[in-house]
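What follows is one structure encoded as structure tokens, with my remarks underneath.
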Amino acid sequence: MQALNLPTFEFRISEDSGKLKIFDPLRKKHLALTPEEWVRQHFVHYLIEHRNFPKGLLKLENAVKYHQRSGRYDAVFLDRTGKPFLLVECKAPTVKITQETFDQVKRYNTQLNAPYIAITNGLTHFFMKIDFHENKVFFLDDIPHYQYLSP
């Protein structure tokens, strides 16, 4: 798999019927090792191990409905009250992050109302804070440690 612009970690890769799989320690199961899964595993590990996001407040790959359509977000970290706090969208390293990606995340967040958003393809990362009162988006240079973020 391609090297990413994220810290590496000890991952376990196996093969099953000629298909590569990566062990997801959070879901405690092997998943198909797709380029997007490679990015998701690295990014979630980064948030938990390097930015102190609590793994107990993480939801992975859940459905979200919007305007009679549905999609699946990659990851959402909740705040301590159980509300969505950080919405994460992962793309494969070969997928360029475009306006279409931002629009996809915006659609998901109309239902989730997470005050923070992260978009990554493992090489390029965007971090945003949403001000719902003023309907503004602020781009951050990096995502702060969990304890320094406020809803």
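The values are calculated or read from the model by the stated rules, or taken from the named source; none is laboratory data. This structure is a prediction, so every number in the text was calculated from the model and none was measured. Counting neighbours? That spans all protein chains shown, and the Cβs are built from the backbone with ideal geometry, glycine included. Note: accessible area is taken over every heavy atom of the protein model, side chains too, but ligands, DNA and RNA are not part of it. Shrake-Rupley method; radii C 1.70, N 1.55, O 1.52, S 1.80 Å.
Some values worked out for this structure:
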quantity: Cβ-Cβ under 7 Å pairs, at least 6 apart or on other chains, the stretch 64-91 side over 14 Å from Y108 (Cα atoms), far side among the β-branched types (V, I, T) and crowded, with 22+ Cβ neighbours inside 10 Å; calculated: K91/V39
quantity: Single condition H30 does not satisfy, out of (1) out of contact with any Gly (no Cβ under 9 Å at 6 or more places or on another chain); (2) closer than 28 Å to T110 by Cβ; calculated: (2)
quantity: Meets criteria (open to solvent by 30 Å² or more (accessible area, probe 1.4 Å) and assigned to a loop (DSSP other than H, G, I, E, B)) for L4; calculated: yes
quantity: Residue within the stretch 13-28 that is without any contact (Cβ under 8 Å) to a residue 12 or more places away in the chain, surrounded by 11 or more Cβ atoms within 10 Å (Cβ to Cβ) and within 21 Å of L123 (Cβ to Cβ) present; calculated: no
quantity: Residue identified as out of contact with any Ser or Thr (no Cβ under 8 Å at 6 or more places or on another chain), within 30 Å of K19 (Cα to Cα) and in contact (Cβ under 8 Å) with a residue 40 or more places away in the chain among T110, T120; calculated: T120
quantity: Residue that is farthest from Q2 (Cα to Cα), among those in the stretch 32-48 that are part of a helix (DSSP H, G or I) and among the hydrophobic types (A, V, I, L, M, F, W, C); calculated: I48
quantity: Residue tally, condition open to solvent by 20 Å² or more (accessible area, probe 1.4 Å) and under 12 Å from the mean Cα position of the chain (by Cα), over the stretch 39-75; calculated: 9
quantity: Count of the stretch 118-151 residues which are assigned to a strand (DSSP E or B) and open to solvent by 20 Å² or more (accessible area, probe 1.4 Å); calculated: 10
quantity: Residues satisfying the stated conditions in the stretch 45-64, i.e. at pLDDT 90 or above and closer than 19 Å to T34 by Cα; calculated: H45, Y46
quantity: Subset of the stretch 65-113 (residues that are in a loop (DSSP other than H, G, I, E, B) and more than 22 Å from E37 (Cα to Cα)); calculated: H67, Q68, D79, R80, T81, G82, K83, N113
quantity: Residues that are open to solvent by 60 Å² or more (accessible area, probe 1.4 Å) and either among the basic types (K, R) or farther than 21 Å from L4 by Cβ (or both), drawn from the stretch 76-102; calculated: R80, T81, K83, K96, Q99, E100
quantity: From N62, N52, residue being in a strand (DSSP E or B), among the polar types (S, T, N, Q) and under 29 Å from K83 (Cα atoms); calculated: N62
